[in-house]
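Asker: Right, I'll just put the structure down here and ask away after.
The values are calculated or read from the model by the stated rules, or taken from the named source; none is laboratory data. Bear in mind the structure is a predicted one, so any value in this text is a computation, not a measurement. As a convention, Cβ positions derive from the backbone with ideal geometry for all residues, glycine included, and neighbour counts pool all protein chains shown. We work out accessible area using only protein heavy atoms, side chains counted, and drop any ligands, DNA or RNA first. Shrake-Rupley method; radii C 1.70, N 1.55, O 1.52, S 1.80 Å.
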Amino acid sequence: MTTHNALIGHNQPPRFKHFSTSDVVPTIRRLIAEQDAGLLELEKDCQPTWEFLVLRLNAIAEPLSYAWHTVHHLLGVRNEPALREAEEEVQGEVIAAGLRIAASRPIYQGMRTMRDGAIWATLDSVQQRIIDSAIRSAEQAGVGLEGAARERFLEIETALGEMGSLFSNHLLDATKAFELILTEASETEGLPPSLLAAAAQSARTTNSEGREPTLAARLKDATPEKGPWRLTLDGPILMPFLEHSTRSDLREKLYHAQITRATDGELDNQPVIDQILKLRLEKATLLGFADYAALSLSRKMAGTVDAAQHLLDDLRKSSRPAAEREHSDLLAYARSTTQNPILDLKNWDVGYWAEQLRKHRFDFDDEALRPYFSLETVLEGLYSVAERLFGVRVVAAPEAFETWHPDVRTFRIVDAQDQPVAAFFLDPFARPENKRGGAWMDTCLDRKRDPDGAVRLPIAYLVCNQSPPVDGKPSLMTFDEVETLFHEFGHGLQHMLTRVDYVDAAGINNIEWDAVELPSQFMENWCYHRATLQGFARHHETGEPLPADLFEKILAARTYRAGSQFLRQIYFATLDLALHHGFIPGGQESPDDVKRKIARDNTVMAPLPEDRFLAGFSHIFAGGYAAGYYSYKWAEVLAADAFAAFEEVGLDHLDRLAEVGRRFRDTVLSMGGGQHPSEVFKAFRGRAPDPSALLRSYGLAD
Ligand code: ZN
C-alpha cells in the first residue's frame, strides 16, 4: 500500500494521481498510532536539546500533518462526499492526537529547561524565537497551570468552544428565518440581472413546507424575469439589494432585519456575548494577563493594546473628516438628483446613493476590462514584477509534479544562477461543482534543511476561482481577479523565497497574525502602478494596450469613499478592543452601551436606537478576530509603507527599484517567522512603520 499511497512521502509533493479516498481512514489511523508511539518514547527520555525537542518532534509530527494537510487540500479543490465522510470519521482522532503533543508537559518542561540553561546561548536567534513561541503556545494552552486552575482552564476552553458554535448557529438560523418575497416587478426596480437570478433561484430552492400552496407552486417556478424573487439576509443578496434597489421602503425592511438579527427568543445572541466576554476575561486572568486584549496582543506584532489603539486614533484623524465630507457630498448629490432640497438620508439609503454617485462619477463596467486581462498576459506581468524586483524567474514546469486536475499548472522559481529555489501549483479556474470559492495560498511543503545539509525546497498551492476559458477565448479576468492573483502570489513569495532552514519558522510559519498580510497586500499595490499594469494589460485579440482613461477610472474607484470605508473599519476595530479591554462583563454597562459610546466618535450616521449589530458580529465572537480586528488596518499600513519605499526611489527607475526589491526579498520575504516582524520591517525600512503612506494611497492625506 505504501508505494501507491499519496498520503505517504512527506518530502515530496503528494502524488495526486495515486490518491485514493479509501486510503484516508486507515492511513490516518496508522499515522496517529505512529505519532503517539513516537511521542511516548520522546517523553520517556526527554532531553532538553534542539535535536531532541525540535528536530525529533518535527520528524514525529510531520507524516501525519502532511497526510492530513493533503486531505484538507483535496477537500478544498476536489470535494466529494466520500472524502468528506472519511475526513469526518477521523477528524476527532487527529485533533486529539495534536492536543497530546500541544499539552505535553515533558516537552514544555524540556523547552523551559533549555531556555533557562547554558544551552540557550548556543542557539541562534531564530532557534531561540522558535522555542520562545513554543513555550508561549503551550502556556496559553494552559500547560503551565496546575491543579484547580488547570481544571478551570480546561472548562473555560470547552465552554468557549461551545459558546462560539452557539453564536454561529443562532446567527445562521436567524439569517435563514428571514425572507422577503417580492411578487411585483415594480418592487425589483434597479436590481441587476445577477441579483434577480440569485433571488429567483432562492425562491425556487426554498423549502415549501408549511407554505400556502398557491405561493409554494409559484415559488417553484420562479424565473429571474417574472419572479417571484426571494430576498434573504445572505451577503450575496442583501448587499447588492441595498446598493441597487430604488425602493427605500424595501431597503428599510432588509436593513432593519439585518441590524436586529439574532436578538430575540431562542436565537438571541446577546446573552451568549455576555458569556463569551466573561469567559475570555477569566481565561486571560488565569494566564496572568490583565484582560483578554492583553492576551491576544501578546502574540501579535502590535504587542500592546496601546499600540493598536494608537494606530486607530492616528487613522481616525484623517478618516473621520473625510467621511464627513463624503457624506455631505452624497447628501448634496441625492438632493439634486431627486430635486428635493430637504431630503434626508437614512441609514438604509447610504449604500444606494453611494452606488448611484459612483456610477455617475466613474462608472466602468467590469466586463469592459476583461479583454485586457487574459490569464496568460496577467501571469506574464506578475512574473515580470517578481523578476524585476526580486531577481527570480518563474518557469513553467508542466510535467514536474502530479496534479489533482488537468487545469492545474506547475511552475518552478529559479534564482539568478538558474538554481531552483521553490515551486508552486496554480489552480486558476472556478469549478463550482467541487471546488471551494474564494482564493488562497496554502503550503504544500515547507523549506527544511536536514542535519546532513540537504535542503527540501518549499512548494506552494495557489488557488483562485476565476472564469475558465469559454468559446475558444482564453480565461479573461476581472480587475478584482487580477488583484486577487497578485495578492495570493504575494503570500506565495513569502512562503517560497524564505531562507529559514527550520520548518517552524520557514516562510509564513510563526509569523505574527497581524503581520502576515504584508507581502500579499504589498503585491496588490503593483496593480495600481501605471507602468506595471500598462506593461502587461493588452487586448487578447487586437493586442491594443489598456486605454489610459480606463486606467484612470481604476485609480479613481480605489479611493472612492475611502474615508467612509476606513472609518467603518476603525469603528469595528475600536469597539472590538473596547469590549476586550477595560470593559467589565456583567457590570453596569452592557456591550451595546459600549457600542453606542464608541459610535459617537467613529460613525458619521449614528446607529439606529434598535441597532444590535453585535449579535451578528461573528468575526469577533465566532471567528479568530477577537481583540484582533485592528489587524486589517495594521497590515495595510505595513504594506503601503513598504510600497512607499519603492515610490521614494522613483517607480520608473528600474535599477533603483531592483535594489529596494532585493532588500525586500532579503528581509520581508526571506526571514519568515524567524524574527519579530517589527525587526524585519525595520531591517527593510530602516524605521518603524508609518501610517501616512496608507492614507496617501487612498487620498486621505497629502
Ligand atoms: Zn491574504
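Asker: How tilted is helix 147-177 with respect to the longest principal axis of the chain? Cα atoms for both, answer in degrees (0 to 90, nearest 10).
Answerer: Helix 147-177 sits roughly 30 degrees off the main axis of the chain.
Asker: How far apart, in nm, are two points set 7 Å out from the Cα along the Cα-to-Cβ line at A416 and at E552?
Answerer: Modelled inter-label distance: 4.0 nm.
Asker: Sticking with this one: Give me the distance between the Cα centres of region 69-118 and region 472-533, rounded to whole Å.
Answerer: 26
Asker: Still on this structure, I have one more. For region 178-260, what does the relative contact order come out to in percent, with C-alpha contacts under 8 Å and a separation of six or more?
Answerer: 40 percent.
Asker: Between N509 and residues 5 or more places away or on another chain, which pairs have amide H atoms under 5 Å apart, with H built 1.01 Å from N, and which residues are they?
Answerer: G673
Asker: Also, I was wondering about something else. Select from region 83-172 those GluC sites (Glu not before Pro) which occupy a DSSP coil region and have at most 14 other Cβ atoms within 10 Å, ordered by residue number.
Answerer: Answer in residue order: E146.
Asker: Follow-up. Can you pull out the GluC sites (Glu not before Pro) in region 491-566 whose DSSP state is coil and whose Cβ has at most 12 other Cβ atoms within 10 Å?
Answerer: Answer by residue number: E541.
Asker: Using Cα-Cα distances under 8 Å and only pairs 6 or more residues apart, what relative contact order does region 250-348 have, in percent?
Answerer: Relative contact order here is 16 percent.
Asker: Which ³J(HN,Hα) values in Hz, rounded to whole numbers, follow from the phi angles of region 37-43 under the Karplus curve 6.51 cos²θ - 1.76 cosθ + 1.60, where θ = phi - 60° and Gly and Pro get x?
Answerer: Working through the residues one at a time gives 5, x, 5, 4, 5, 4, 5 Hz.
Asker: Rounded to the nearest 0.05, what FRET efficiency is calculated for E659 and S298 with R0 set to 45 Å and r the Cβ-Cβ distance?
Answerer: 0.80
Asker: In addition: Just by accessible area at a 1.4 angstrom probe, what is the order of W634, W513 from largest to smallest?
Answerer: From most accessible down to least: W513, W634.
Asker: A further question on this structure: Calculate one ³J(HN,Hα) per residue across region 239-250 by plugging θ = phi - 60° into the Karplus curve 6.51 cos²θ - 1.76 cosθ + 1.60, and present them in order as whole Hz with x for glycine and proline.
Answerer: 4, x, 5, 5, 7, 10, 5, 7, 8, 4, 5, 6
Asker: Something else about it: Could you calculate the contour length gain from L651 to R152, that is, 0.36 nm times the residue separation minus the distance between their Cα atoms, to one decimal place in nm?
Answerer: That works out to 174.0 nm of additional length.
Asker: How big is Rg to Rh over the chain, alpha-carbon atoms, Rh as the Kirkwood inverse-mean-distance radius?
Answerer: The Rg/Rh ratio comes out at 0.96.
Asker: From zero outward in steps of 5 Å, how is the percent of C-alpha pairs of region 1-41 spread across the bins?
Answerer: With 5 Å bins starting at 0, P(r) equals 5, 24, 27, 23, 14, 6, 2, 0.
Asker: Per the helix-only calculation at 222 nm, which mean residue ellipticity applies to the chain, given -39500 (n - 2.57) for every DSSP H run of n ≥ 4 and division by its residues, nearest 500 deg cm²/dmol?
Answerer: That comes out to -17500 deg cm²/dmol.
Asker: May I ask you to list the trypsin sites (Lys or Arg not before Pro) in region 235-314 that are in a DSSP loop and have at most 13 other Cβ atoms within 10 Å of their Cβ?
Answerer: Hits after loop and neighbour filter: nothing returned.
Asker: Provide the per-residue ³J(HN,Hα) series for region 688-702, in order, calculated from phi with Karplus coefficients 6.51, -1.76, 1.60 and θ = phi - 60°, each as a whole number of Hz, with x at glycine and proline positions.
Answerer: Running phi through 6.51 cos²θ - 1.76 cosθ + 1.60 with θ = phi - 60° gives 6, x, 10, x, 5, 5, 4, 4, 4, 5, 9, x, 9, 7, 8 Hz.
Asker: Place +1 on the Cβ of every Lys and Arg and -1 on the Cβ of every Asp and Glu in the chain, take the dipole about the Cα centre, and give the residue among S168, T285, N5 whose Cα lies farthest towards its positive end.
Answerer: Projecting each Cα onto the dipole axis, the largest value belongs to T285.
Asker: A follow-up question, please. For the pair A33 and A307, how long in nm is the line joining their label points, each one 7 Å along Cα→Cβ?
Answerer: The modelled label-to-label distance comes out at 4.7 nm.
Asker: Around E524, with a cut-off of 11 angstrom between Cβ atoms, what is the net charge of the other residues, counting Lys and Arg +1 and Asp and Glu -1?
Answerer: Within the 11 Å Cβ shell, the charges total -4.
Asker: With N set to the number of residues, divide the alpha-carbon radius of gyration of region 178-260 by 2.2 N^0.38 Å and report two decimals.
Answerer: 1.01
Asker: For the chain, which whole percent of the accessible surface, found with a 1.4 angstrom probe, sits on carbon and sulfur atoms?
Answerer: 52
Asker: How do H495, H487, H676, H310 stack up against each other in accessible area, from largest to smallest, with a 1.4 angstrom probe?
Answerer: H310, H676, H487, H495
Asker: Quote the convex hull volume per residue of region 1-147, based on C-alpha atoms, as a whole number of Å³.
Answerer: 134
Asker: So how far apart, in nm, are the two label points at D45 and A396 if each is 7 Å from Cα heading toward Cβ?
Answerer: Simple spin-label model gives 5.4 nm for this pair.
Asker: On a 0 to 90° scale, report how tilted helix 654-666 is relative to the longest principal axis of the chain, with both axes built from alpha carbons and the result rounded to the nearest 10.
Answerer: 60
Asker: If one takes the longest principal axis of the Cα atoms in the chain, at what angle in degrees, from 0 to 90 and to the nearest 10, does the Cα axis of helix 631-649 lie?
Answerer: That works out to roughly 80 degrees.
Asker: Could I ask something else about it? Given 0.36 nm per residue, what is the gain on full extension from D593 to R115 after removing their alpha carbon distance, in nm?
Answerer: Residue separation times 0.36 nm, minus the Cα-Cα distance, leaves 167.6 nm.
Asker: Under the 0.36 nm per residue contour assumption, what length would be gained going from the current alpha-carbon distance of H405 and K253 to full extension?
Answerer: Taking 0.36 nm per residue and subtracting the Cα distance, the gain is 50.2 nm.
Asker: On average, how much accessible surface per residue is there in region 16-144, in Å², for a 1.4 Å probe, leaving out ligands, DNA and RNA?
Answerer: It amounts to 45 Å² per residue over region 16-144.
Asker: Which lysines, if any, have their Cα less than 30 Å from the Cα of K597, not counting same-chain residues under 8 positions apart?
Answerer: Reachable lysines: K253, K278, K283, K300, K317, K346, K633.
Asker: Between S384 and D480, take the C-beta separation as r, use R0 = 30 Å, and let me know the FRET efficiency to the nearest 0.05.
Answerer: Efficiency at R0 = 30 Å is approximately 0.90.
Asker: Where only protein heavy atoms count, and the probe is 1.4 Å, what is the accessible area per residue for region 405-541 in Å²?
Answerer: 37
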